[in-house]
Amino acid sequence: MYVKKVSNLEADTGSSCQRKPAMFFFQADDGIRELVRSRGLGDVYKRQAASLESFLSEQAGKNQTLTESLSALIEIEYDARKERTARTRLKLSGMPQAKYFEEFDLSWLKGGLTRERFEELKSLAFVERKENVLFLGPSGVGKTHLLLAIGQKACISGYTAYYMTCYEAIDSLIRAREQGRLRKRLTWLKKPHVLLLDEVGYEPLTPEQAHVFFQLINARYETGSIIMTSNKPFSKWAELMSDEAVATAMLDRLLHHAQVFSLKADCYRMKERLRVGAVGFE
């Protein structure tokens with residue numbers, strides 16, 4: 001159970017200050033909030049004691065010892081805290097939606113990702129090795145699904161992840177540079193275990209954009225994993241970055257420790273529409 005103070009409710013009555021009871025939110029493990037008046041932490045402890053007494057009564061009916069009951073209580077609390085922490089990581093990740101490996105139809109692909117490598121991605125072993133993962137291919141083959149599935153699994157597994165499209169990342173870096181805090185922004189973007197960069201290559205970059213994007217890739221080099229999607233093969237990156245030297249330097253850092261998947265398939269989103277009958281043919 002948690003407690004969060006939401007107001008002091010102090011009223012100034014001229015020469016004297018009259019203090020009214022504070023308002024607190026009590027939040028149970030099921031996430032339901034109850035707004036009540038509280039006289040302080042005494043009420044919190046009373047509620048916790050009542051919950052503990054109820055739990056121990058239930059355990060007593062199972063013919064368990066006190067030690068076994070307390071061990072079960074600690075395990076329940078540990079699991080609850082672990083779940084709450086995972087929810088917090090997911091909320092802070094910025095991912096636009098939840099995607100899961102279990103939802104991805106690997107049989108739809110016509111090449112680029114074997115079952116063995118798919119299972120390796122699910123294991124997140126590359127995160128421990130600080131390797132990058134790059135998904136290449138045309139629009140609609142499932143690149144973003146896989147990127148978000150990695151982010152989802154990472155957050156649930158105890159890692160931090162942060163999602164941005166390529167152009168959101170670039171815009172944030174340019175604004176930071178204009179405000180004199182580019183280094184601070186780059187330092188912040190180095191912190192997540194997994195940085196999810198989506199939609200690289202859908203529009204060519206100006207030399208200024210390419211330069212700040214390179215600074216981001218360079219800052220994370222060998223410090224954490226980058227998961228990236230792009231519709232452009234590496235042979236087109238010099239054109240994409242408007243500078244061959246910048247493109248070469250960027251690819252050198254991205255590919256030094258990386259797994260690359262060139263996905264081939266019919267449009268994955270069209271496949272889903274066909275499955276649910278959203279597309280008809282005359």
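Structure data summary
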{"read-out": "Interchain or long-range residues, amide H under 5 Å from ILE227's placed H", "value": "VAL133, LEU195, LEU196, LEU197"}
{"read-out": "Cβ-based exposure ranking for ILE226, ILE74, in which fewest neighbours within 10 Å come first", "value": "ILE74, ILE226"}
{"read-out": "Least to most buried among CYS155, CYS166 (fewest other Cβ within 10 Å first)", "value": "CYS166, CYS155"}
{"read-out": "Estimated FRET transfer efficiency (SER235, ARG181; beta-carbon r; R0 30 Å; 0.05)", "value": "0.25"}
{"read-out": "Ranking of SER123, SER172 by count of other Cβ atoms within 10 Å, fewest first", "value": "SER123, SER172"}
{"read-out": "Three-way shape call for the stretch 172-227 based on the alpha-carbon gyration tensor, with the a/c threshold at 1.5", "value": "oblate"}
{"read-out": "Karplus-derived 3J(HN,Hα), 6.51/-1.76/1.60, for each residue of the stretch 90-102, Hz, glycine and proline x", "value": "5, 5, 7, 6, x, 5, x, 6, 8, 10, 10, 4, 5"}
{"read-out": "LYS110-LYS190 pseudo-label distance in nm [points 7 Å out on the Cα-to-Cβ vector]", "value": "4.4 nm"}
{"read-out": "Dipole magnitude of the stretch 114-208, debye to nearest 20 (Cβ charges: Lys/Arg +1, Asp/Glu -1, about Cα centre)", "value": "480 debye"}
{"read-out": "Potential extension, LEU255-LYS62 segment - 0.36 nm per residue separation minus Cα distance", "value": "63.8 nm"}
{"read-out": "Shape metrics for the stretch 101-269, restricted to C-alpha atoms - Rg then Dmax, Å", "value": "15.5, 49"}
{"read-out": "Cα-projected label distance for ARG87 with TYR167, points at 7 Å along beta-carbon direction, nm", "value": "3.5 nm"}
{"read-out": "Gain upon complete extension [GLU244, TYR202; 0.36 nm per residue less C-alpha separation]", "value": "13.3 nm"}
{"read-out": "Other-chain or far-sequence residues with amide H under 5 Å of ALA258's (modelled H)", "value": "ASN132"}
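No value in this document is a laboratory result; all are computed from the given coordinates. This structure is a prediction, so every number in the text was calculated from the model and none was measured. Reconstructed Cβ throughout: ideal geometry from the backbone, glycine too, with neighbour counts over all protein chains shown.
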